[in-house]
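> Below is the structure I would like to discuss, written out as structure tokens.
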Amino acid sequence: MLHPITFSIPECKIVSEMAVKTKILATIIPGDLSTYIYNNETDYYTDYKTSIFALTTKKAGWDCIRHYEIIASGCIPYFPEIKMCPRNTMALFPKDLIIKGNELYEEIIRTDRRILQSVLPECYEIIQQLLDYMKLHLTTRKMASYILEKSGHSEAKKILYLSENIYPDYLRCLTLHGLKELLGNECHDYPMPPHLYKIDHLDCNPLYGKGFTYSKLLDPALHNYLADYTIQQDIVEKKYDIVIYGSYHRGMPLYDLVSKYYTPREIILLCGEDIHHCDFQKWINKGHPVFVREL
């Protein structure tokens, strides 16, 4: 069975109340490197928090973590191309609210901002609706629950989460964060991506996006280091209720062993790639639940 999926955001990144707005549009303009002036996450988020709107665009894929960072900051994404987004891509995203925000922003700019004060209440209403929607549907924890529900495994208590490598991958990393919030170390990540954990000496600046939003959020106690050494035996003994591959596109370690002891329905595949170079239909034909970001 094929299911749509989107990025998500840790709930701890969502503002509890709106900051004072000091500008209509945030500083950062996607694609304009001269506006990428923030070297730390606090300043980066503050730019969005103090803005009413922030420009965001399609990158290689429609779904982009920036969309979520803007909403989480209590800001309205101005996303000019959103109406062209395919129906099954970003299917969990509040597209209708974004379209309403686009129309407001364009009205403000078209009238030389003379109507800003009169439309501010509507802007704040859209911001609150976006925040409410995000808390209900787009946190990492909610996305993890969505995967378990859609795959028919809402009752799963122990999960093995496999990756080919530990390099950052937004969908894999954020989904793993959500599963850890749900199940703690009863969701075992192998191999462990160290950048997701609060490891003091780890420098996140070299990471993709400088590690903003997804790095250093998990307590190291949420990883069972001993289980790393018994991984194959635990698969044979079916210690876990289900197995999730965080990115089937980037590799499926131990798949031959896993598929020997787990039914296809018990093996869930995720893909967060912008462009697909492999056929997800073949995995669906095998009976696996498959979650794809860019459909």
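> Evaluate the relative contact order of the chain (contact order divided by residue number), counting alpha-carbon pairs under 8 angstrom at least 6 apart; express in whole percent.
So the answer I get is 22 percent.
> For the residues S118, S247, S215, what sequence is obtained by ranking on other C-beta atoms within 10 Å, fewest first?
Least crowded to most crowded, the residues run S118, S247, S215.
> Now for a separate question. State the label only: which of (i) 19.9; (ii) 15.6; (iii) 18.5 corresponds to mean projected area of the Cα convex hull in nm² computed from the shown model?
(ii)
> For C187, what residues show an amide H to amide H distance below 5 Å, using hydrogens built from the backbone and excluding near sequence neighbours?
I159
> Here is a follow-up. Can you figure out the FRET efficiency of Y124 with D219, using R₀ = 35 Å and their beta-carbon distance, to the nearest 0.05?
FRET efficiency, Y124 to D219: 0.50.
> Relative contact order of the range 141-292, please, whole-number percent, based on alpha carbon pairs below 8 angstrom and at least 6 residues apart.
26 percent
> Taking the Cα centre as origin and putting +1 on Lys and Arg beta-carbons and -1 on Asp and Glu beta-carbons, what dipole magnitude results for the range 2-138, to the nearest 20 debye?
220 debye
> Taking θ as phi - 60°, what are the ³J(HN,Hα) couplings along the range 284-292 by the Karplus curve (6.51, -1.76, 1.60), each to the nearest whole Hz, with x for Gly and Pro?
5, 4, 6, x, 7, x, 10, 10, 10
> Output the antiparallel fraction of DSSP beta bridges having both residues in the range 141-292, as a percent to the nearest 5.
Just about 0 percent of them are antiparallel.
> Give, as ranges by residue number, the residues of the range 79-108 whose backbone N falls under 13 Å from the point 7 Å along Cα→Cβ of H137.
Label zone hits: 88-99.
> With +1 assigned to the C-beta of every Lys and Arg and -1 to the C-beta of every Asp and Glu, and no other charges, what is the dipole magnitude of the range 141-292 about the Cα centre in debye, to the nearest 20?
Computed about the Cα centre, the dipole is about 280 debye.
> Ordered by residue, what ³J(HN,Hα) values in Hz, to whole numbers, does the range 205-221 give under the Karplus form 6.51 cos²θ - 1.76 cosθ + 1.60, where θ = phi - 60° and Gly and Pro are x?
Computed from phi, the couplings for the range 205-221 are 4, x, 5, 4, x, 6, x, 4, 5, 10, 9, 6, 10, 9, 5, x, 5 Hz.
> Can I ask one more? Which number do you get for Rg(Cα) / (2.2 N^0.38 Å) in the range 2-138?
Dividing the Cα Rg of the range 2-138 by 2.2 N^0.38 Å gives 1.00.
> Determine the distance separating the Cα centre of the range 160-199 from the Cα centre of the range 232-295; give it in Å without decimals.
15 Å
> Of the peptides 88-96, 37-45, how do they stack up when ordered by the mean number of other Cβ atoms within 10 Å, highest first?
Top to bottom by mean Cβ count within 10 Å: 88-96, 37-45.
> Which stretch or stretches of the range 99-125 have amide N atoms under 12 Å from the point lying 7 Å from V15's Cα along the Cα→Cβ direction?
124-125
> Continuing with the same structure: Among L183, I28, P289, which residue has its Cα furthest toward the positive end of the charge dipole of the chain, with +1 on Lys/Arg Cβ and -1 on Asp/Glu Cβ?
Farthest towards the positive pole: P289.
> Sequence-distant or interchain residues sharing an amide H contact under 5 Å with Y78, placed H: which?
The list, which skips near neighbours in sequence, is A54, L55, T56.
> Could you go through the range 25-33 in sequence order and give the Karplus-derived ³J(HN,Hα) for each residue, using 6.51 cos²θ - 1.76 cosθ + 1.60 with θ = phi - 60°, rounded to whole Hz, and x for Gly and Pro?
10, 5, 5, 6, 10, x, x, 9, 4
Bear in mind these aren't lab numbers, they're just calculated from the coordinates by the rules spelled out. What you see is a predicted model, and the numbers here were worked out from it, not measured in a lab. For neighbour counting, all protein chains shown are included, and Cβ atoms are generated from backbone atoms with ideal geometry for every residue, glycine included.
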